[in-house]
Amino acid sequence: MPPLHSPQDRLAEAIGLAHAIDLDVAEGLTVPVPHPRPSTLFGSGKVEEVRLRVEHEAIELVVVDHTVTPIQQRNLEKAWNAKVLDRTGLILEIFGRRAQTREGRLQVELAHLTYQKSRLVRSWTHLERQRGGAGFLGGPGESQLELDRRLIQDRIDGIREDLTQVVKTRDLHRKGRRKVPYPIVAIVGYTNAGKSTLFNRVTGAAVLAKDQVFATLDPTMREVRLPGGRRIILSDTVGFISDLPTMLVAAFRATLEEVIEADLILHVRDIAHAETDAQAADVEGVLRDLGIDPFATTTRLIEVWNKVDLLDEAARALALGAATRAARSPALVSAVTGEGVGALLAQIDQQFSAHDETIHLVVPAADGAVLAWLHANAEVTTRDADDEGAMHAIVRIDKSRHGRLLGRLKGTGVKVVG
């Protein structure tokens, strides 16, 4: 069973989520709910206690860090005379604020409409009895319900059609990158684990990296040259979170295709966070939802233990000890200071090198175009000219791309020595 988040950490996270959309949090409460009430979730005593606080402080919005049914939402809003937002609704609001690209906005809108539609259907079921006639001449309740359903469904269908084109375009881009071909390294992790800061440290890009949840929603990709000369494409992705709404995972699947198709996954963890194990379990759960087993021997994955600069001496010693015992050797880094980043890049290079083949090629002096192609599509580790001007090149290439290399060299006059 994966480790659970403590109530205190969940409360702190919920407050962070509220701050992410600039809400002024007047108070945060942890409420034990041993027996959830179908009508109000909480017991009558707690509902009354919250009502008095809401009334006394003139609070306009109450966020419940839990799934709240439409009936529960309606009853609580009536009891408290304030708007009620559950965890899914809050996360959707944040995503709506953060999405920058057309694709991101479409995905968020799809998730939002799916959420609204499910609540609309359930919350209007009490009007189903107001049937006044047959066919299209139903009662006012039914006609309004059907109209709202149809409007939302029409928009959902339109967005899905638009996203189909987005997926096709992204597919073309991915196929284009495969032709280059550079391996793709996707960065994943719990929200606010420091993914974008690490991305910026490695690539020198100016991706938004703030100390807030879901700072990155739209995927960003940059080419990176590793210390050994190999080139990769590094992809920064949306942060994961506990109880991430299923509709968001589904809506962002086009974006998360970058993770599914990646040659290597970097799982960035905030190793200084008290709930780092629980956060890691949440990320692993989302990866499994995407069809990726993080513990399978066939899955290329490196855990990156970030924020080591925030550890004191004792905590750092414990982290180093845990790293030596881990099944997969994690990389201990600080994306802020740069500590350990060089070793991480070398580890990435080593991951790919394990699947490489080394080929000795002799390129005729007059065939400079082939040599340029080799530099663009493989790693040329050494090159020396002989007395006749021919270039002897030692080329390192992934086994899966060996056949393509040989196909490109056919009819060029290039000799394969070994």
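The values are calculated or read from the model by the stated rules, or taken from the named source; none is laboratory data. Nothing here was measured: the structure is a model prediction, and the numbers come from that model. Note: ideal-geometry Cβ built from the backbone for every residue, glycine included; neighbour counts use all protein chains shown.
Would you mind listing the helices (runs of 4 or more DSSP H) fully within the stretch 232-317 where at least 1 residues are more than 26 Å from Ile15 (Cα to Cα) and of a type outside the set (Val, Ile, Thr)? Explain how you work it out, then say what you get.
Working: elements: 246-251, 253-260, 276-289.
Qualifying helices (runs of 4 or more DSSP H): 253-260, 276-289.
State yes or no: is Ala376 touching a residue at least 60 places away in the same chain (Cβ under 8 Å) and touching a Gly at 6+ places or on another chain (Cβ under 6 Å)?
Values: touching a residue at least 60 places away in the same chain (Cβ under 8 Å): yes; touching a Gly at 6+ places or on another chain (Cβ under 6 Å): no.
No.
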Restricted to the stretch 220-231, and to residues that are in a strand (DSSP E or B) and of a type in the set (Lys, Arg), which residue is modelled with the lowest pLDDT?
-> Arg231
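When you look at Thr337, is it without any contact (Cβ under 8 Å) to a residue 12 or more places away in the chain, assigned by TED's automatic domain parsing to the domain that holds Arg201 and either more than 17 Å from Leu301 (Cα to Cα) or not aliphatic (A, V, I, L, M) (or both), yes or no?
Against the criterion (without any contact (Cβ under 8 Å) to a residue 12 or more places away in the chain, assigned by TED's automatic domain parsing to the domain that holds Arg201 and either more than 17 Å from Leu301 (Cα to Cα) or not aliphatic (A, V, I, L, M) (or both)), Thr337 does not qualify.
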Qualifying residues in the stretch 374-418 (those that are exposed (fewer than 15 other Cβ atoms within 10 Å of the Cβ), closer than 18 Å to Asp349 by Cα and among the β-branched types (Val, Ile, Thr)) - the one farthest from the chain's Cα centre (by Cα) | Thr382
What number of residues within the stretch 258-305 satisfy the criterion of being in contact (Cβ under 8 Å) with a residue 12 or more places away in the chain and more than 21 Å from Ala322 (Cα to Cα)?
-> 15
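How many residues does the stretch 102-154 contain that are closer than 22 Å to Leu76 by Cα and at pLDDT below 50? Outline the logic, then answer.
Quick first cut of the stretch 102-154, residues closer than 22 Å to Leu76 by Cα only: 112, 115-127.
Subsequent filtering for residues that are at pLDDT below 50 retains 121-127.
So the count comes out to 7.
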Would you check if there is a residue in the stretch 84-99 being in a helix (DSSP H, G or I), of a type in the set (Lys, Arg), modelled with pLDDT of 80 or more and over 24 Å from Pro34 (Cβ atoms)?
-> no
Under 6 Å by Cβ, and 6 or more places apart or on different chains, what pairs join a residue from the stretch 36-53 that is closer than 13 Å to Trp80 by Cα and in the same structural domain as Asp86 (by TED's automatic domain parsing) with one that is of a type outside the set (A, V, I, L, M, F, W, C) and in a helix (DSSP H, G or I)?
-> Thr40/Gln72; Thr40/Asn75
Of everything in the stretch 190-216 that's buried (at least 21 other Cβ atoms within 10 Å of the Cβ) and in contact with an Asp or Glu (Cβ under 8 Å, 6 or more places away or on another chain), which residue is modelled with the lowest pLDDT?
-> Thr216
Please state which one of Leu371, Leu332 is free of Cβ contacts under 8 Å to residues at least 40 places away in the same chain, crowded, with 16+ Cβ neighbours inside 10 Å and either among the aliphatic types (A, V, I, L, M) or out of contact with any strand residue (DSSP E or B) (no Cβ under 8 Å at 6 or more places or on another chain) (or both).
-> Leu371
